[in-house]
1. Looking only at residues that are over 10 Å from residue 9 (Cα atoms) and assigned to a helix (DSSP H, G or I) in the stretch 35-53, which one is farthest from the chain's Cα centre (by Cα)?
2. Any residue at all in the stretch 38-52 that's at pLDDT 95 or above, surrounded by 16 or more Cβ atoms within 10 Å (Cβ to Cβ) and over 26 Å from residue 4 (Cα atoms)?
3. Give the stretch 10-26 a look and list any residue that's touching a helix residue (DSSP H, G or I) at 6+ places or on another chain (Cβ under 8 Å) and touching a residue at least 24 places away in the same chain (Cβ under 8 Å), or say none.
4. Can you name the residue in the stretch 54-71 that is assigned to a helix (DSSP H, G or I) and within 9 Å of the chain's Cα centre (by Cα) and is also modelled with the lowest pLDDT among such residues?
5. What are the residues in the stretch 83-104 that are modelled with pLDDT of 85 or more and either in a helix (DSSP H, G or I) or loosely packed, with under 11 Cβ neighbours inside 10 Å (or both), if any?
């Protein structure tokens, strides 16, 4: 399967932009959190640059997300499993909501036995 480099750059840039906005960070704050330069972040978000491995690792580690959150539709296998989605969003929940999710999972698991 062939991919257009510009399409990939734009897609990845949009995912990085969404992560930054979801966390309500300026480019400077995002840069500080990821150990990347604000200019590099701008270039990625605009689709003018594709992050290298180290930049991708820094972003994923800084926001506790899997690489598939950024690369998603360009991966050959569907790595957006339910457990990955739950894990990437679990940390932002309140303690009440975390306990609610755990209770629901336990309820469903017990019902399946």
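The values are calculated or read from the model by the stated rules, or taken from the named source; none is laboratory data. Remember, it's a predicted structure, so these values are computed and weren't measured experimentally. Because the Cβ atoms are built from the backbone with ideal geometry, glycine has one as well, and the counts that use them run over all protein chains shown.
1. Taking the stretch 35-53 first, the residues over 10 Å from residue 9 (Cα atoms) are 35-42, 52-53.
Filter once more, keeping what is assigned to a helix (DSSP H, G or I): 38-42, 53.
Numbers: 38: 18, 39: 20, 40: 18, 41: 15, 42: 17, 53: 14 Å.
Among residues in the stretch 35-53 that are over 10 Å from residue 9 (Cα atoms) and assigned to a helix (DSSP H, G or I), the one farthest from the chain's Cα centre (by Cα) is 39.
2. no
3. Once the filter is applied, which keeps residues that are touching a helix residue (DSSP H, G or I) at 6+ places or on another chain (Cβ under 8 Å) and touching a residue at least 24 places away in the same chain (Cβ under 8 Å), the stretch 10-26 yields 11, 12, 13, 14, 15, 16, 17, 19, 20, 23.
4. Top of the filtered list is 68.
5. Listed by number, the residues that qualify are 94, 95, 96, 97, 98, 99, 100, 101, 102, 103, 104.
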